[in-house]
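The values are calculated or read from the model by the stated rules, or taken from the named source; none is laboratory data. Fair warning: this is a prediction, and the values are worked out from it, not measured in the lab. Ideal geometry is used to build each Cβ from the backbone, glycine not excepted, and the neighbour counts take in all protein chains shown.
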Amino acid sequence: MSHVDVLKLHELKATPQRLCVLDVLEKYGHATLEDIEKYTKVKFSTLSLSTIYRNINEMLKKGILSEVKLANKKDHYEITKANHAHLVCIQCGKIEDFTINTQELLQKAETLTCNKIYNITLSFNTICKECLSAK
Ligand SMILES: [Zn+2]
Ligand SMILES: [Zn+2]
């Protein structure tokens, strides 16, 4: 599905600003507000941080984007995908997706703790392939 269709499906107008944010996230996978500002500035030099933030928030509310919470890192954003964990390189800071069935883990944790668990934020501190081979 194209980004235009995704926005339409969620009753949001496919504005160039929103499309640009989606393009950036598609290309880079995960990005902070500042990253997104940096990349969108190339196309829209007059776009303010607050405008970008507003657009991100609208797409977060609709579930098109998700917040990625990582320990010791600024909040990142990504295009919403199926549940997955994150691999964070402790050397270069790269964030990669790692597909894992977090549902199974969630159920196990609920059984063990008797708590109602709403969601899981799973991240692994790693040294990525590139950093490993650079040694
Ligand atoms: Zn690395
Ligand atoms: Zn991700």
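Taking only segment 71-90 into account, find how many residues are more than 30 Å from Lys8 (Cα to Cα) and either in contact with a strand residue (DSSP E or B) (Cβ under 8 Å, 6 or more places away or on another chain) or modelled with pLDDT of 95 or more (or both).
Number satisfying all stated conditions: 6.
All but one of (1) touching a helix residue (DSSP H, G or I) at 6+ places or on another chain (Cβ under 9 Å); (2) closer than 22 Å to Val6 by Cα; (3) polar (S, T, N, Q) hold for Asn115; which doesn't?
(2)
Within segment 35-46, is even one residue closer than 23 Å to Asp5 by Cβ, crowded, with 17+ Cβ neighbours inside 10 Å and touching a Phe, Trp or Tyr at 6+ places or on another chain (Cβ under 6 Å)?
No.
Just one of (1) of a type outside the set (Phe, Trp, Tyr); (2) within 16 Å of ligand 1 (Cβ to nearest atom); (3) at negative phi; (4) loosely packed, with under 12 Cβ neighbours inside 10 Å trips up Asn72, so point out which.
(3)
Return the total of residues in segment 115-135 being at pLDDT below 95, aliphatic (A, V, I, L, M) and surrounded by 12 or more Cβ atoms within 10 Å (Cβ to Cβ).
Of the residues in that region, 3 qualify.
Under the condition of being without any contact (Cβ under 8 Å) to a residue 60 or more places away in the chain and among the charged types (D, E, K, R), which residue from segment 90-109 is surrounded by the most Cβ atoms within 10 Å (Cβ to Cβ)?
So in segment 90-109, the residues without any contact (Cβ under 8 Å) to a residue 60 or more places away in the chain come out as 90-94, 98-109.
Next, from what is left, pick out any that are among the charged types (D, E, K, R): 94, 104, 108.
Numbers: Lys94: 16, Glu104: 9, Lys108: 11.
Residue satisfying both the conditions and the ranking: Lys94.
Can you say whether Thr102 is within 16 Å of ligand 2 (Cβ to nearest atom) and of a type in the set (S, T, N, Q), as far as the supplied structure shows?
yes
I want to confirm something. Restricting to segment 75-90 and keeping residues that are out of contact with any Asp or Glu (no Cβ under 9 Å at 6 or more places or on another chain) and either within 16 Å of ligand 1 (Cβ to nearest atom) or β-branched (Val, Ile, Thr) (or both), which single residue is nearest to Asp23 (Cα to Cα)?
For segment 75-90, the residue satisfying everything is Thr80.
Can you name the condition, by its number, that Leu112 falls short on among (1) away from ligand 1 (no atom under 16 Å from the Cβ); (2) modelled with pLDDT under 95; (3) loosely packed, with under 12 Cβ neighbours inside 10 Å; (4) aliphatic (A, V, I, L, M)?
If we test Leu112 against (1) away from ligand 1 (no atom under 16 Å from the Cβ); (2) modelled with pLDDT under 95; (3) loosely packed, with under 12 Cβ neighbours inside 10 Å; (4) aliphatic (A, V, I, L, M), just (2) comes out false.
State all residues of segment 1-16 that are crowded, with 16+ Cβ neighbours inside 10 Å and not aliphatic (A, V, I, L, M); if no residue qualifies, say none.
His3
Would you confirm, using the coordinates I've provided, whether Ile95 is of a type in the set (A, V, I, L, M, F, W, C) and more than 16 Å from ligand 1 (Cβ to nearest atom)?
Judged against the criteria, Ile95 is not a match.
Any chance segment 30-51 includes a residue that's at pLDDT 95 or above and within 16 Å of ligand 1 (Cβ to nearest atom)?
Looking for residues that are at pLDDT 95 or above and within 16 Å of ligand 1 (Cβ to nearest atom), one finds at least one in segment 30-51, hence yes.
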